[in-house]
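Colleague: First the structure, then my questions, so here it is.
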Amino acid sequence: MNGPTERVRELAHEILAELPFGICRFEEVQPCLECRALSRIPQRAASVLVCLFPYYTGEQPERNISRYAMVRDYHHVAGEYLERFCEALRQEFPEHRFEAFTDNSPVREVQAALCAGLGLRGRNGLVLHPTYGSYLFIGEVVTDLVLETDSPMQPLECCNCQRCLQVCPAGALQPDGSVRLDLCRSHITQKKGELTPWEIRQIQEGGLIWGCDLCNDVCPMNQGVPLTPIPEFLHSAISVFDSENAVGLLKERAFGYRGKKTILRNLTILEEEQKKDEG
């Protein structure tokens, strides 16, 4: 291992602690996705430092929201970890650039995680880490510093049990690995404006005001996963949202980017369905 690579891994261990970490070549995740953050990619970008942020906080069978939205907004949490990492890297390598990205990223994040040896590719298109399964967020740092890279896991694909495809209620997960967003319950909960009767029924049957966990929950690699090692996630988890705490926590949860009208609409849909059941 060359000197810069060894030092980068040491800093990753110091700042990111036990979070899964790997390195891949920038060229392995080309072409970049078009987004506003594309302009922040360093010229002559050479390496991508990839970190996984597990978010599983336990079962909470009473929850009315997807697991990933129970915790503090990962854009903030992952962004804070990665920015601390970048600051340490900039001090260590002042002649090089380091730019952090989470979610709204020009980097193909799943591909980066796979190339960095951090997991397998699930049939639902998600990364499956050997320890944390698919209950994780992906963040990365792009740099013009040339580093030694990790090797992808072999085999790269999952066991192909197809449980995720079978459990998907509307068949959003396609055999070729793509996702039909118009059939995806998670996507439907995030739509603005009026919903069709069929879309309303999907939210009613799903029982969640935001997201859908079905394809995650049935995956064999998600059985018996440990709790997240990230205290900002573990201690912020809220499993049941109502009109008060949903609006109050709008700026602190991943659903906040859609504004309060969307989450309140979904709450109303479920509350009206509950009243029918009770009546």
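The values are calculated or read from the model by the stated rules, or taken from the named source; none is laboratory data. Please read these numbers as outputs of a predicted model, since none were measured by experiment. Neighbour counts are summed over all protein chains in view; Cβ atoms, including those assigned to glycine, are modelled from backbone coordinates with ideal geometry.
Colleague: Among the residues of the range 95-110, is any polar (S, T, N, Q), in contact (Cβ under 8 Å) with a residue 12 or more places away in the chain and under 21 Å from Glu27 (Cβ atoms)?
Modeller: Yes, the range 95-110 contains at least one residue that is polar (S, T, N, Q), in contact (Cβ under 8 Å) with a residue 12 or more places away in the chain and under 21 Å from Glu27 (Cβ atoms).
Colleague: For residues in the range 150-194 being hydroxyl-bearing (Ser, Thr, Tyr) and surrounded by fewer than 18 Cβ atoms within 10 Å (Cβ to Cβ), which is nearest to the chain's Cα centre (by Cα)?
Modeller: Among those that are hydroxyl-bearing (Ser, Thr, Tyr) and surrounded by fewer than 18 Cβ atoms within 10 Å (Cβ to Cβ), it is Ser178.
Colleague: Do we find that Cys86 is surrounded by 14 or more Cβ atoms within 10 Å (Cβ to Cβ) and closer than 23 Å to Thr131 by Cβ in this structure?
Modeller: No: the conditions fail for Cys86.
Colleague: Checking the structure you have, find out if any residue of the range 4-21 is farther than 21 Å from Leu118 by Cβ, out of contact with any strand residue (DSSP E or B) (no Cβ under 7 Å at 6 or more places or on another chain) and not in a strand (DSSP E or B).
Modeller: No, that holds for no residue.
Colleague: Here is a follow-up. Out of all the residues in the range 230-251, which are modelled with pLDDT of 95 or more, assigned to a helix (DSSP H, G or I) and surrounded by 14 or more Cβ atoms within 10 Å (Cβ to Cβ)?
Modeller: Glu232, Phe233, Leu234
Colleague: Also: Examine the range 81-91 for a residue that is closer than 28 Å to Leu214 by Cβ, out of contact with any strand residue (DSSP E or B) (no Cβ under 7 Å at 6 or more places or on another chain), in the same structural domain as Tyr135 (by TED's automatic domain parsing) and part of a helix (DSSP H, G or I), and state whether such a residue exists.
Modeller: no
Colleague: Examine the range 38-46 for a residue that is closer than 22 Å to Asp150 by Cβ, surrounded by fewer than 21 Cβ atoms within 10 Å (Cβ to Cβ) and under 19 Å from the mean Cα position of the chain (by Cα), and state whether such a residue exists.
Modeller: no
Colleague: Pick from the range 252-279 the residues that are of a type in the set (Gly, Ala, Ser) and part of a helix (DSSP H, G or I): which of them is nearest to Tyr68 (Cα to Cα)?
Modeller: Selected residue: Ala254.
Colleague: Now for a separate question. Look through Glu34, Glu27, Glu18 and report the one residue that is of a type in the set (D, E, K, R) and modelled with pLDDT of 95 or more.
Modeller: Going through Glu34, Glu27, Glu18 in turn, just one is of a type in the set (D, E, K, R) and modelled with pLDDT of 95 or more: Glu27.
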